[in-house]
Amino acid sequence: LGLVGIDDVRLDFPVSEDYLADIRPEAAVSFSLNAYPGRVYRGRVGTVVPVTDPGVRTFLLRVLPEQGDQRLVPGMSVSASLQLDTGRRGLVVPRDAILRYPDGRVVVWTVETGAEGAVVRENPVTTGIAFDSLIEISAGLNAGARVVVKGNEALQDGQRVSIIDRLVDGAGDV
């Protein structure tokens, strides 16, 4: 990301062409300046320049920051976040719940509780987009499933386990 212009400061940054159809004019953008960590600034999408860079398949997104703070200086390093409403809804699990094997299998271990206690089951899954510390599961997992996030590398299907910690708020129980 980079800041350009001195009078009307704006942020220009590349975005993957995969998201071009999902970006709306005036969409809210939050950003932070690496020189001032911990402070979050707000802006809005000003212009989407639909010319892609053929080498990396990106297009230019121009963001107009809200007025007021004079700390924005052209050339500063910036990190930005743009929330897109794609209309898609889905399941997400922590990245640590995903195991990828050399043979191409991608699995999530789930916990089933029965009369004999808790056992784990290996579930092949299809992953979708990843963001922050989460990854979307587009197939192979049901809502409400309990997933193993730690210690899942050496599990065997049907192995008995003890649940020692539960994560909540979208970061454990799905």
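The values are calculated or read from the model by the stated rules, or taken from the named source; none is laboratory data. Quick caveat, the model's predicted, so the values are computed rather than measured. We place every Cβ from the backbone using ideal geometry, glycine too, and count neighbours over all the protein chains shown.
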Quiz item: Going by the structure shown, is Asp103 in a loop (DSSP other than H, G, I, E, B), surrounded by fewer than 16 Cβ atoms within 10 Å (Cβ to Cβ), of a type outside the set (Phe, Trp, Tyr) and modelled with pLDDT of 90 or more?
Solution: yes
Quiz prompt | Residues being surrounded by 12 or more Cβ atoms within 10 Å (Cβ to Cβ) and assigned to a strand (DSSP E or B) - total across the stretch 84-100 | solution = 6
Quiz item: Of the residues that sit in the stretch 117-135 and are surrounded by fewer than 16 Cβ atoms within 10 Å (Cβ to Cβ) and outside any strand (DSSP E or B), which one is modelled with the highest pLDDT?
Solution: Ser133
Quiz item: If you go through the stretch 64-80 one residue at a time, do you hit one that is touching a Pro at 6+ places or on another chain (Cβ under 7 Å) and at pLDDT below 80?
Solution: no
Quiz item: Say we look at the stretch 141-166 and pick out the residues that are of a type in the set (Val, Ile, Thr) and modelled with pLDDT under 90; which of these is surrounded by the most Cβ atoms within 10 Å (Cβ to Cβ)?
Solution: Ile163
Self-check item: Those residues of the stretch 35-56 which are closer than 20 Å to Gln83 by Cα and not in a strand (DSSP E or B), in sequence order
Solution: Gly38, Arg39, Val40
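Can you tell me how many residues within the stretch 67-78 are touching a residue at least 12 places away in the same chain (Cβ under 8 Å) and within 19 Å of Pro37 (Cβ to Cβ)? Steps first, please.
Of all residues in the stretch 67-78, those touching a residue at least 12 places away in the same chain (Cβ under 8 Å) come to 69, 71-78.
Remaining after also requiring within 19 Å of Pro37 (Cβ to Cβ): 69, 71-73, 75-78.
Adding up the residues that qualify gives 8.
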Quiz item: Which number in (1) over 22 Å from Gly158 (Cα atoms); (2) buried (at least 16 other Cβ atoms within 10 Å of the Cβ) marks the one condition that Ser138 misses?
Solution: (2)
Practice problem: Determine if the stretch 97-104 includes at least one residue that is in contact (Cβ under 8 Å) with a residue 12 or more places away in the chain, under 27 Å from Leu82 (Cβ atoms) and of a type outside the set (Gly, Ala, Ser). | Solution: yes
